[in-house]
1. Search the stretch 137-150 for residues being touching a residue at least 12 places away in the same chain (Cβ under 8 Å) and assigned to a helix (DSSP H, G or I), and hand back the single one that is farthest from the chain's Cα centre (by Cα).
2. List every residue pair whose Cβ atoms sit under 8 Å apart, with the two residues 6 or more apart in sequence or on different chains, where the first one lies in the stretch 69-90 and is crowded, with 20+ Cβ neighbours inside 10 Å and the second, anywhere, is in a helix (DSSP H, G or I).
3. If only one of 186, 172 is in a strand (DSSP E or B), in contact with a helix residue (DSSP H, G or I) (Cβ under 6 Å, 6 or more places away or on another chain) and within 16 Å of the ligand (Cβ to nearest atom), which one is it?
4. Please tell me if residue 298 is touching a helix residue (DSSP H, G or I) at 6+ places or on another chain (Cβ under 7 Å) and modelled with pLDDT under 95.
5. Any residue at all in the stretch 273-289 that is under 29 Å from residue 64 (Cβ atoms) and within 11 Å of the ligand (Cβ to nearest atom)?
6. So, in the stretch 227-259, of the ones that are in contact (Cβ under 8 Å) with a residue 60 or more places away in the chain and surrounded by fewer than 20 Cβ atoms within 10 Å (Cβ to Cβ), which residue ends up farthest from the ligand (Cβ to nearest atom)?
7. Which pairs have Cβ atoms under 8 Å, sit 6 or more apart or on different chains, and link a residue in the stretch 187-203 that is more than 21 Å from residue 238 (Cβ to Cβ) and at pLDDT 95 or above to one that is away from the ligand (no atom under 12 Å from the Cβ) and in a strand (DSSP E or B)?
8. Out of (1) away from the ligand (no atom under 15 Å from the Cβ); (2) in contact with a strand residue (DSSP E or B) (Cβ under 9 Å, 6 or more places away or on another chain), the odd one out for residue 213 is which?
Ligand SMILES: [Fe+2]
């Protein structure tokens with residue numbers, strides 16, 4: 001299989017205007033704005049498509065309210081796209097496969113300095129005043145039937161396990177070499193749903209600066225900033241009018257054939273090495289609160 005990653009995501013929402021406002025603030029580029037269809041792009045051409053939640057041609061929702069209605073997976077060639085076509089996973093979520101429309105983007109993270117290893121010479125480290133997401137990185141789903149979802153995505157679709165909480169969660173990548181996960185599936189018996197959708201940024205500085213900018217525009221943090229030990233990524237999750245939280249993240253693991261998957265037992269320090277609950281106040285630049293309201297498993 002020759003997957004390229006998440007090529008697009010389709011949301012069904014109650015308030016198109018609020019969704020438009022959020023995605024503009026999120027740093028995406030609007031390419032289409034019609035009363036019943038918004039299209040925004042990441043830097044590499046990944047698409048976020050927003051439709052009214054009662055649009056008759058939208059695939060059915062797997063949970064109530066605003067949510068993700070379809071995932072568009074990119075593939076390398078037309079034969080693969082034709083063979084895989086359109087599918088419905090055991091959760092009921094629709095997906096389609098198309099020849100990827102994404103463009104190659106080479107991002108340049110800010111180099112770091114360490115004793116004996118000056119990576120950034122005669123140059124200050126930047127402070128970002130907004131994020132510009134490079135690509136759609138991953139989707140995270142709650143599985144009503146975890147074993148069926150794991151089998152579907154590994155055996156029928158052909159994704160590879162990068163790491164796993166046996167019986168509880170599985171991190172899957174769609175290509176090797178590739179990012180640590182393009183899909184993470186979490187066990188939530190009987191209750192299918194969407195945990196979050198994540199956008200890749202160039203480095204931790206853009207995660208921090210982008211997140212503070214979103215807070216400054218009034219958007220509420222779900223959790224972050226912080227860092228995941230599994231996948232190594234820096235993260236910041238926001239509530240939003242598209243439904244599931246959306247995540248800024250950077251610096252996730254890159255896996256080749258030599259990557260060794262591990263099995264983990266659930267514990268809080270594996271979700272986050274550290275995390276700020278409630279986000280950072282854009283004025284004081286201090287944490288807003290010390291109590292974590294979420295308590296939800298994420299990656
Ligand atoms: Fe994530």
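1. Among those residues, the one meeting the criterion is 148.
2. 73/84; 75/81; 75/84; 89/149; 89/152; 89/153
3. Exactly one residue qualifies, and that residue is 172.
4. Details: touching a helix residue (DSSP H, G or I) at 6+ places or on another chain (Cβ under 7 Å): yes; modelled with pLDDT under 95: yes.
Taking the combined requirement at face value, the residue satisfies it.
5. Here is the first cut: in the stretch 273-289, the residues under 29 Å from residue 64 (Cβ atoms) are 275, 277-279, 288-289.
With within 11 Å of the ligand (Cβ to nearest atom) added as a condition, the list becomes none.
Within the stretch 273-289, not a single residue is under 29 Å from residue 64 (Cβ atoms) and within 11 Å of the ligand (Cβ to nearest atom).
6. Filtering the stretch 227-259 for residues that are in contact (Cβ under 8 Å) with a residue 60 or more places away in the chain and surrounded by fewer than 20 Cβ atoms within 10 Å (Cβ to Cβ), the one farthest from the ligand (Cβ to nearest atom) comes out as 257.
7. 187/142; 187/143; 188/142; 188/143; 191/142; 192/142; 192/143
8. (2)
The values are calculated or read from the model by the stated rules, or taken from the named source; none is laboratory data. Keep in mind the model is a prediction, meaning the values are calculated, not measured. Cβ atoms come from the backbone with ideal geometry, glycine included; neighbour counts cover every protein chain shown.
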